[in-house]
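Written out below as structure tokens is the structure these notes cover.
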Amino acid sequence: MINISFPDGAVRQYENGVTALDIAKSISEGLAKKVLAASVNGQVWDATRPINTDASLKLLTWNDAEGQNTFWHSSAHLMAEAVESLYPGVKFWVGPALDKGFYYDMDLGDKKMTEDDLIILEKKMNELAKQSNKYIRKEISKDDAVKYFSEKGDEYKLDLLQNLTDGEITFYTQGSFTDLCRGPHIPDTGFIKAIKLTNISGAYWKGNEKNKMLTRVYGVTFPNQKELDEYVLMLEEAKKRDHRKLGKELSIYTMNDDIGPGLILWMPNGTVIIEELEKLAKETETAAGYKRVVTPHIAKENLYVTSGHLPYYADSMFPPMEMDGEKYYLKAMNCPHHHKIFDAELKSYRDLPYRLAEYGTCYRYEQSGELFGLMRVRCLHMNDAHIYCSKEQFAQEFKAVNDMYLKYFKIFGIDKYVMRLSLHDPEKLGQKYINEPELWLETEELVRKVLIETGVPFVEVKGEGAFYGPKIDVQIWSAIGREFTLATNQVDFAQPRSFKLSFTNKDNEPEIPLIIHRAPLGTHERFIGFLLEHYAGKFPVWLAPVQVKLLPISDKFVEYAESVQKQLRRAGVRVEIDDRQEKIGKKIRDTELMRVPYMLVVGEKEMNENKLAVRRQGKGDIGTQDIETFINHIVDEIENRKSGE
């Protein structure tokens, strides 16, 4: 017999070899029908995998993130089975679960797949799902695995096998399909009740544009049709809010082949948004005691060797330039530059905390296949800052940074968020992480304690820390429920040592500071991409590129409109006049499409009475106001950064 410990603290005995599904059935048949996988001693397993030792157990259902992940990964295998039946000879690369859904990369040879073919593929998946075929796990030797895929002629799976050894190779089979996979998987295909294939695209093998282009098919599945229907509605709304679509329609940004992929050209409207975000950040940071700095866009190779970035991030940096016998790199991160500013003058404990802020321009060599609108770019403008503090000051400084995040969330109407505390993996010390085990544990506990004391929602994730210390990834959700990674808040105990940074403490002895890396507004690129979706292009007045559009009914009233425009501009309002010889109805429709918050219609009555007919974006006519009243109202909205709701 073995002891199984449950999350509520209960311990029950079961026969050796029992499965999580057996345990679920012993509790209730209803529960067993919901179990997708199981967490066994902290590792996600198949619910049908035998448990042979004492273990802690959590049954995972659709309500658990790990359960959904397993469901979608299993759905990728179901799709692969359907593809193989429709496209004999297909070869597969990888098919992971995503935050929402899954994809599989495949080599169809000389065959092609189109959007129309997805309907046929969906039908085949539904047919296979109804067979309720079990996902069967089998441990296999490397020799047998190589033999299997060699006979199949699948060079992609053979490539994956290169770095695997006996004891870590498993096959999974469901129906007629067998795949190299670590798992885990759901018990059988019958759990998959609703299927939607959402997109088809090209993807370079291993993300390298020098490799062959594979076909990537995206999909999403659910345990019932109702959830799929709700998701499809969300997708339709997301298409309307797509930042790439709105960015073009609202003249926010553009891209050009002569400039290069992933390099954004900000148009006047987008530049207004950037400047407003910078203004907000600078006001907030000045009030919090930050000092502003400016650093160059390039630096010598040795700077990034000292910081440790080159060994870890060389693939994400642009190739070096040779000048005067030295190698120079485009700046991929601001922190080493800030460290040099800190070190330029002697510091004592009286100077700490020392906070340096910069909207720094950085360059990252993202692979072509990973570039995506404003979300993945090669030139980015980061709301960056570094706080140099003593260990005693750390908790207060880290809390102050979190408070800054919460302030921004309130301003932008971000109601749902979570902090992902990313920790190190002890097995990768000296490889992926600085080899300082005691400092890792100490700084992780410092961060954890602050998060608990401040009461912000957070989750812990092993193996995703920065190479120099634990970090928080700030996850936020847009108005339609889509998740975005906004920014990071990181603790660094390694670079202060690498750069030999120090301050004189109260005992007149040198002491190494801790560094907090933080970027509450992330980058202009990613944050504006998020805001375009979040607001559906309908920015609050303070952030809108054009805040007011004057609409004269005819040429006779253009002069009056110009006089109103002058008054608004003196009050600091961004205002334009639509003096086209068009009917007023068309002017209103066009202005609505450009999401301008306020439209001021001026005609005979308004001119004679020195008033304005005010229309609010999305609300229509809100009545007639005198000029002074309207100016006072809109200036209040702008200065207090009101949401406009």
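Numerical summary
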{"read-out": "Leading residue at positive end of dipole, the chain (Cβ point charges), from VAL541, LEU197, ALA400", "value": "VAL541"}
{"read-out": "Total lysine pairs whose alpha carbons fall under 22 Å of each other in the stretch 117-189 (8 or more apart, or interchain)", "value": "8"}
{"read-out": "Stretch gain in nm, segment LEU263-LYS210, where the contour uses 0.36 nm per residue and the Cα spacing is subtracted", "value": "17.0 nm"}
{"read-out": "Label corresponding to Cα extents along the principal axes in Å when calculated from the structure given, among (1) 123, 52, 44; (2) 90, 71, 58; (3) 99, 77, 57", "value": "(2)"}
{"read-out": "Those residues of the stretch 406-430 whose amide nitrogen sits under 18 Å from the label point placed on THR485, 7 Å along Cα→Cβ", "value": "417-425"}
{"read-out": "Crossing angle, helix 142-152 versus the chain [Cα axis fit, 0-90 degrees, rounded to tens]", "value": "70 degrees"}
{"read-out": "Cα centroid of the stretch 216-232 to Cα centroid of the stretch 49-86, whole Å", "value": "16 Å"}
{"read-out": "Virtual spin-label span in nm between LEU98 and HIS297, 7 Å along Cα→Cβ", "value": "3.3 nm"}
{"read-out": "Normalised contact order of the stretch 189-256, rounded percent, pairs of Cα under 8 Å and 6 or more residues apart", "value": "28 percent"}
{"read-out": "Radius 14 Å from Cβ of LEU118, net charge of other residues (Lys, Arg +1; Asp, Glu -1)", "value": "+1"}
{"read-out": "Distance in nm between pseudo-label sites at LYS340 and MET1 (7 Å out along the Cβ direction from Cα)", "value": "6.9 nm"}
{"read-out": "Cross-link reach list, lysines versus LYS549, counting only Cα pairs under 18 Å and skipping chain neighbours closer than eight places", "value": "LYS538, LYS566, LYS583, LYS586, LYS587, LYS611, LYS619"}
{"read-out": "Fully extended contour minus Cα-Cα distance, from GLU460 to GLN43, at 0.36 nm per residue", "value": "148.7 nm"}
{"read-out": "Efficiency of FRET between ARG350 and SER28 - r from beta-carbon atoms, R0 51 angstrom, step 0.05", "value": "0.20"}
{"read-out": "Degrees, to the nearest 10: 65-86 long Cα axis against longest axis of the chain", "value": "70 degrees"}
{"read-out": "Unit charges on C-beta of K, R, D, E only; dipole of the stretch 548-639, Debye", "value": "320 debye"}
{"read-out": "Simple spin-label estimate for LYS193 and VAL232 in nanometres, 7 Å along Cα-Cβ", "value": "1.6 nm"}
{"read-out": "Euclidean distance of C-alpha centroids, the stretch 334-392 and the stretch 577-592, integer Å", "value": "45 Å"}
{"read-out": "Estimated dipole of the chain in Debye, rounded to 20 [Cβ of Lys and Arg +1, of Asp and Glu -1, Cα centre]", "value": "960 debye"}
{"read-out": "Environment charge of ILE136, counting only residues whose C-beta is closer than 15 Å and scoring Lys/Arg +1, Asp/Glu -1", "value": "0"}
{"read-out": "Straight-distance crosslink candidates among aspartates and glutamates, where the alpha carbon sits under 14 Å from LYS91 and sequence neighbours closer than 8 are dropped", "value": "GLU81, ASP105, ASP107, ASP110, GLU151, ASP154, GLU155, ASP159, ASP179"}
{"read-out": "Karplus 3J(HN,Hα) series, Hz, for the stretch 53-64 with 6.51 cos²θ - 1.76 cosθ + 1.60 (x for Gly, Pro)", "value": "9, 4, 7, 8, 9, 10, 7, 9, 10, 4, 6, 9"}
{"read-out": "Cα shape, the stretch 2-61, gyration tensor, a/c 1.5 rule", "value": "rounded"}
{"read-out": "Spatial separation of Cα centroids for the stretch 290-312 and the stretch 132-154, in angstrom", "value": "47 Å"}
{"read-out": "Three-way shape call for the stretch 265-535 based on the alpha-carbon gyration tensor, with the a/c threshold at 1.5", "value": "rounded"}
{"read-out": "Calculated FRET value between GLN431 and PHE318, using beta carbons and R₀ = 25 Å, to 0.05", "value": "0.55"}
{"read-out": "Contact order relative to length of the stretch 66-241, as percent, for alpha carbon pairs under 8 angstrom and 6 or more apart", "value": "26 percent"}
{"read-out": "Computed E for ALA571/LYS619 - FRET, C-beta separation, R0 25 angstrom, nearest 0.05", "value": "0.70"}
{"read-out": "Peptides 64-74, 494-504 ordered by average Cβ neighbours within 10 Å, highest first", "value": "64-74, 494-504"}
{"read-out": "Using alpha-carbon coordinates, inclination of helix 391-411 to the longest axis of the chain, degrees", "value": "70 degrees"}
{"read-out": "Residues whose placed amide H lies under 5 Å from that of ILE298, excluding near-sequence neighbours", "value": "LYS331"}
{"read-out": "Cross-link partners of LYS432 among aspartates and glutamates (Cα-Cα below 16 Å; sequence separation of 8 or more within a chain)", "value": "ASP315, GLU464, ASP492"}
{"read-out": "Karplus-derived HN-Hα couplings along the stretch 381-390 (A = 6.51, B = -1.76, C = 1.60, θ = phi - 60°), whole Hz, x at Gly and Pro", "value": "10, 9, 7, 9, 7, 9, 10, 9, 8, 7"}
{"read-out": "Relative contact order [Cα under 8 Å, 6+ residues apart], the chain, whole percent", "value": "9 percent"}
{"read-out": "Cleavage-rule hits, trypsin sites (Lys or Arg not before Pro), the stretch 536-645, DSSP coil, Cβ neighbours within 10 Å at most 12", "value": "ARG580, LYS583, LYS619"}
{"read-out": "Selected from THR591, MET79, GLY522, residue furthest toward positive end of dipole (the chain; charges at beta carbon)", "value": "THR591"}
{"read-out": "Cα gyration tensor shape for the stretch 483-630, rounded if a/c is under 1.5, else prolate or oblate", "value": "prolate"}
{"read-out": "Local electrostatic count, TYR87, Cβ distance below 13 Å [Lys/Arg +1, Asp/Glu -1]", "value": "-1"}
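Read-outs: derived from the displayed coordinates by stated rules, not from any lab. Everything numeric here is computed off the predicted structure, so don't read it as measured data. Neighbour counts run over all protein chains shown; Cβ positions are idealised from the backbone, glycine included.
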